[in-house]
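Q: This structure is in structure tokens; I'll ask about it shortly.
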Amino acid sequence: MGTLAERRTIPPWVKVPEDLKDPEVFQVQTRLLEAMFGRDGCRIPYIEQVSKAMLELKALESPDFTEVVVYGSYIYKLRAKWMLQSMAEWHRQRQERGMLKLEEAMNALELSSWMK
């Protein structure tokens, strides 16, 4: 997804300072970010609006994972975290199935070329 942009504004539904305390934090495989949030995070504003939460992505030392920080009222940030973790798992499984299909196709090609 490229470099992570720094946040400049706080959505109007997030109450300052109480909603900025005690965020929900979890990690997502970096390879899933574009599938979840769109190119350069273009879907983040929509996800924030629907979930009534504020999201922040933070790069970690390991390039394999990115930290997702969710701010908002207690119920909204828990719901947003659950939704995002479900999306990540769905995309991970989808990519895994795609790799298995690719592997099967490659094996079939190897067998067919060997039989000729």
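Q: Working only within the range 47-61, note down all residues that are open to solvent by 30 Å² or more (accessible area, probe 1.4 Å) and acidic (D, E).
A: Hits for the range 47-61 are E56, E61.
Q: So, of the residues in the range 97-109 that are modelled with pLDDT under 75 and closer than 22 Å to T30 by Cβ, which turns out to be most open to solvent (accessible area, probe 1.4 Å)?
A: So, considering only residues that are modelled with pLDDT under 75 and closer than 22 Å to T30 by Cβ, the one most open to solvent (accessible area, probe 1.4 Å) is M99.
Q: Where in the range 1-110 are there strands (runs of 3 or more DSSP E), lying wholly inside it, with at least 1 residues that are in contact with a Ser or Thr (Cβ under 6 Å, 6 or more places away or on another chain), in contact (Cβ under 8 Å) with a residue 24 or more places away in the chain and of a type in the set (A, V, I, L, M)?
A: 24-29, 54-59
Q: Taking into account only those residues within the range 62-96 that are β-branched (V, I, T) and surrounded by fewer than 18 Cβ atoms within 10 Å (Cβ to Cβ), which is nearest to M36 (Cα to Cα)?
A: V69
The values are calculated or read from the model by the stated rules, or taken from the named source; none is laboratory data. From a predicted model like this one, the values you see are computed outputs, not experimental measurements. Note that each Cβ is placed from the backbone with ideal geometry, even for glycine, and that neighbours are counted across all protein chains shown. Side chains included, ligands, DNA and RNA excluded: accessible areas come from the protein's heavy atoms. Shrake-Rupley method; radii C 1.70, N 1.55, O 1.52, S 1.80 Å.
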